[in-house]
1. Positive end of the charge dipole of the chain (Lys, Arg +1 and Asp, Glu -1 on Cβ, about the Cα centre): tell me which of P200, L12, V139 has its Cα farthest that way.
2. Could you tally the net charge around G109, taking each other residue with its Cβ under 14 Å from the Cβ of G109, Lys/Arg +1 and Asp/Glu -1?
3. Roughly how many nanometres apart are two label points built 7 Å out from the Cα toward the Cβ at H75 and I26?
4. Please give the peptides 103-113, 195-205, 215-225 ranked by average Cβ packing (other Cβ atoms within 10 Å per residue), highest first, as a rough proxy for protection.
5. Treating the beta-carbon of each Lys and Arg as +1 and of each Asp and Glu as -1, no other charges, what is the dipole magnitude of the chain about its Cα centre, to the nearest 20 debye?
6. With labels modelled as points extended 7 Å from the Cα through the Cβ direction, what inter-label distance (nm, one decimal) is found for L48 paired with L170?
7. Along its principal axes, what span do the Cα atoms of segment 95-245 show, with the longest given first and each in whole Å?
8. How many nm is it between the label spots at S195 and K110, if each spot is 7 Å from the Cα in line with the beta carbon?
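The values are calculated or read from the model by the stated rules, or taken from the named source; none is laboratory data. Please read all numbers here as calculations on a predicted model, not as lab measurements. Don't worry about glycine lacking a Cβ; one is built from the backbone with ideal geometry, like all the others, and counts go over all protein chains shown. Keep in mind that these areas ignore ligands, DNA and RNA; they rest on the heavy atoms of the full protein, side chains included. Shrake-Rupley method; radii C 1.70, N 1.55, O 1.52, S 1.80 Å.
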Amino acid sequence: MWNTFHDAVRPLVEAVRDLTPIIVVILFFQEVVLKQPIPNLGELLQGLLFVLAGLALFIRGLEIGLFPLGEAMAHAFAKKGNISWLLLFAFLLGFSTTVAEPALIAVAGKAAEVAAQSGVIEHNRVSMADYAFDLRMTVALSVGTAIVLGVLRIIFGWPLHICIMTGYILVVAITYFAPEEIIGIAYDSGGVTTSTITVPLVTALGIGLATSIRGRNPVLDGFGLIAFASLLPMIFVMLYGIITA
């Protein structure tokens, strides 16, 4: 019973520990630097409790659900020995998790608003919705492609540092040709894709796959998929901007 209680409480304790530095920083600047009372203290405390509970439940859900699921499926595909199905699964996993990523939805919507205000697109609901949707689909396709490349790297043992260096050289080169208004969005797209939904499943896939393939080290070869998922959206979004300019 103690172990069960400990497993249930531990994510909440860890959430409190992780959020404490943020709270201390906010309180310090609010009270010492700005010297102003905290606005809507009651609502702030209520929101903080919701964040703590949500973060604790999310972490616990990852531990008992998403991580084991991703690793189990990676083991199953490796055992099946069919690389085509594995690559299809990798692409669809990257695509679907990115489409559902809350951070990307928020950024795409804000990018559409800014594009409409600056005259890049027409200032109406349909144009902004289409712009946000196209941006999300472009990023989702890039992440799906990135996960496929990451899986191929694990299978064939390609050096991670060479792959990443080559990718960033491409990013710098394409930046010179991309429209100025798309560059910032492209660079931010690389960050928002690696968030709450994508990271756990993709990481579990990489570790499970590296564990299942003889000669691969989960520590050395199991990680790196997230780096691909951060890199390719920048390239794809800038290419999208060049094509549609």
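1. P200
2. Once all neighbours under 14 Å are counted, the net charge is -2.
3. If labels sit at H75 and I26, their model points lie 4.1 nm apart.
4. Peptide ranking by packing, descending: 195-205, 103-113, 215-225.
5. My answer is approximately 760 debye.
6. Distance between the two pseudo-spin positions: 4.5 nm.
7. 55, 30, 17
8. 0.9 nm
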